[in-house]
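Working notes, beginning with the structure itself.
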Amino acid sequence: MTSSELWTRETADRYDAEEAENSSPAALGPTLDFLAELAGDGRALEFAIGTGRVGVPLRERGVPVTGIELSQPMAAVLRRKADEETLPVVIGDMATTVVPGEFTLVYLVYNTIGNLLTQDEQVACFENAARHLAPGGRFVIELTVPPLRFLPPGQTAVPFDVSERHLGFDTFDLVEQTLVSHHFTRDGDDGRYRRGTCRQRYAWPAELDLMARIAGLELESRAEGWDGAPFGPDSAQHISVWRKPVA
């Protein structure tokens with residue numbers, strides 16, 4: 001078992017509703033285009049597939065998808081959308097769980113590598129991706145760039161969403177290289193808010209490149225978003241692609 005926090009049934013049951021905007025065809029279109037092109041005629045493996053926000057529509061595009069998911073409740077929600085034959089899911093952690101066969105694409109989206117709270121586990125995740133890739137295959141990660149430039153001396157918190165129904169901010173431990181995302185979400189119209197937290201380990205793009213090198217992968221490309229916009233010094237996130245050498 002890794003250090004990842006286990007998502008509960010309560011969280012799983014409301015996940016799709018809370019992520020409805022990010023699950024719309026308009027929001028997912030560039031992601032699916034990007035991943036389908038890299039998968040080509042091969043198979044795709046999604047680490048931390050969750051409720052299938054990406055994996056299910058990618059499978060509907062004709063890409064054979066297999067998933068690894070630590071949370072049984074999250075996988076149970078996915079199973080309402082696609083059966084085991086259509087989209088196999090193995091319950092386990094993304095750093096060590098092995099599934100049969102080779103894949104042309106392994107991908108990990110939505111900052112989820114941060115769920116692994118130690119550097120060793122994140123390195124193991126890269127090694128596990130390389131283990132599953134066919135020669136020439138790609139490993140893709142979507143990850144936020146740590147917003148530490150917004151921290152003046154003595155401050156430890158950075159807001160990332162301030163809206164009518166949700167307040168979200170991250171608090172940072174700069175020594176341990178970890179953060180806690182705090183969420184205050186208004187569930188109804190009675191003024192009450194539900195509080196939730198999630199711990200993550202943040203990593204810089206250069207650190208991920210070193211993890212990839214340890215796993216025998218080579219950086220192929222890095223963009224700011226799924227639409228291919230160039231990555232630059234002010235980019236808030238990145239889509240990175242590492243390739244397994246053919247020889």
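Just give me the residues in the range 197-232 being in a strand (DSSP E or B) and touching a residue at least 60 places away in the same chain (Cβ under 8 Å), in sequence order. Give the steps one after another, and end with the answer.
Our first condition is that a residue be in a strand (DSSP E or B); within the range 197-232, this holds for 197-201, 218-223, 230.
Matches in the range 197-232: Cys198, Arg199, Gln200, Arg201, Glu220.
How many residues does the range 163-197 hold that are hydroxyl-bearing (Ser, Thr, Tyr) and within 21 Å of the chain's Cα centre (by Cα)? Here the count works out to 4. Any idea how many residues of the range 40-62 are among the β-branched types (Val, Ile, Thr) and open to solvent by 10 Å² or more (accessible area, probe 1.4 Å)? Of the residues in the range 40-62, 1 are among the β-branched types (Val, Ile, Thr) and open to solvent by 10 Å² or more (accessible area, probe 1.4 Å).
Considering each residue of the range 222-239, count those that are open to solvent by 50 Å² or more (accessible area, probe 1.4 Å) and touching a strand residue (DSSP E or B) at 6+ places or on another chain (Cβ under 8 Å), and give that number.
Of all residues in the range 222-239, those open to solvent by 50 Å² or more (accessible area, probe 1.4 Å) come to 222, 224, 227, 230-231, 233-234, 236-237.
In the following step, the residues that additionally are touching a strand residue (DSSP E or B) at 6+ places or on another chain (Cβ under 8 Å) were identified as 222, 224, 230-231, 236-237.
The total comes to 6.
Residues being farther than 22 Å from Val56 by Cα, modelled with pLDDT of 95 or more and open to solvent by less than 50 Å² (accessible area, probe 1.4 Å) are entirely absent from the range 153-167.
Of all residues in the range 105-135, those that are of a type outside the set (A, V, I, L, M, F, W, C) and either open to solvent by less than 10 Å² (accessible area, probe 1.4 Å) or under 14 Å from the mean Cα position of the chain (by Cα) (or both) total 9. Against the definition (open to solvent by 30 Å² or more (accessible area, probe 1.4 Å), under 30 Å from Glu37 (Cα atoms) and free of Cβ contacts under 8 Å to residues at least 40 places away in the same chain), how does Arg138 come out, yes or no? Taking the combined requirement at face value, the residue does not satisfy it.
Tallying residues that are open to solvent by 60 Å² or more (accessible area, probe 1.4 Å) and closer than 21 Å to Pro205 by Cβ within the range 176-191 yields 1.
Glu102 satisfies every condition listed in (1) outside the structural domain of Val54 (by the TED database); (2) more than 21 Å from Leu28 (Cβ to Cβ); (3) open to solvent by 40 Å² or more (accessible area, probe 1.4 Å) except (1).
The values are calculated or read from the model by the stated rules, or taken from the named source; none is laboratory data. Note that this is a predicted model, so its numbers are computed, not measured. So basically every Cβ, Gly included, is an ideal-geometry build from the backbone, and we count neighbours across all protein chains shown. Accessible surface is based on the protein model in full, side chains and every heavy atom, while ligands, DNA and RNA are left aside. Shrake-Rupley method; radii C 1.70, N 1.55, O 1.52, S 1.80 Å.
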